[in-house]
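Below is one structure, written out as structure tokens, with a few remarks after it.
The values are calculated or read from the model by the stated rules, or taken from the named source; none is laboratory data. The structure presented is a predicted model; accordingly, all values stated were derived computationally and were not measured. We place every Cβ from the backbone using ideal geometry, glycine too, and count neighbours over all the protein chains shown. Areas reflect the complete protein model, heavy atoms only, side chains present, ligands, DNA and RNA absent. Shrake-Rupley method; radii C 1.70, N 1.55, O 1.52, S 1.80 Å.
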Amino acid sequence: MVLKVSPATGPASGGTEVTLDGANFQAGASVSVDGLPATVLSVTAARIVMRMPAHAPTVVGLTVTNPDAQLVWV
């Protein structure tokens, strides 16, 4: 479960470091942004730090997938 995304906005060109605070994240979790893979920098049970890929200049959807294929948030 994701409780907070910080920062909530960034450039469409990507590259922004984003922190996802929540619960039930597992080591090896992956993050995608509207289906595009993000670079995961670190994962703990309560926090993922990732770098945004370039994306369309609009509100985007984030998906966190744990290694056991459990979706944490879409």
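Values computed for the structure shown
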quantity: Of all residues in the range 18-74 being hydroxyl-bearing (Ser, Thr, Tyr) and in contact with a Ser or Thr (Cβ under 9 Å, 6 or more places away or on another chain), the one that is most open to solvent (accessible area, probe 1.4 Å); calculated: 30
quantity: Unique match (being out of contact with any helix residue (DSSP H, G or I) (no Cβ under 6 Å at 6 or more places or on another chain), farther than 10 Å from residue 53 by Cα and polar (S, T, N, Q)) among 13, 32, 6; calculated: 6
quantity: Per-region count, the range 34-61, residues part of a strand (DSSP E or B) and out of contact with any strand residue (DSSP E or B) (no Cβ under 6 Å at 6 or more places or on another chain); calculated: 3
quantity: Residue selected from the range 18-33 under the condition of a type in the set (S, T, N, Q) and in a strand (DSSP E or B), by the criterion farthest from residue 63 (Cα to Cα); calculated: 19
quantity: Qualifying positions in the range 1-17 - among the polar types (S, T, N, Q), in a loop (DSSP other than H, G, I, E, B) and open to solvent by 40 Å² or more (accessible area, probe 1.4 Å); calculated: 9, 13
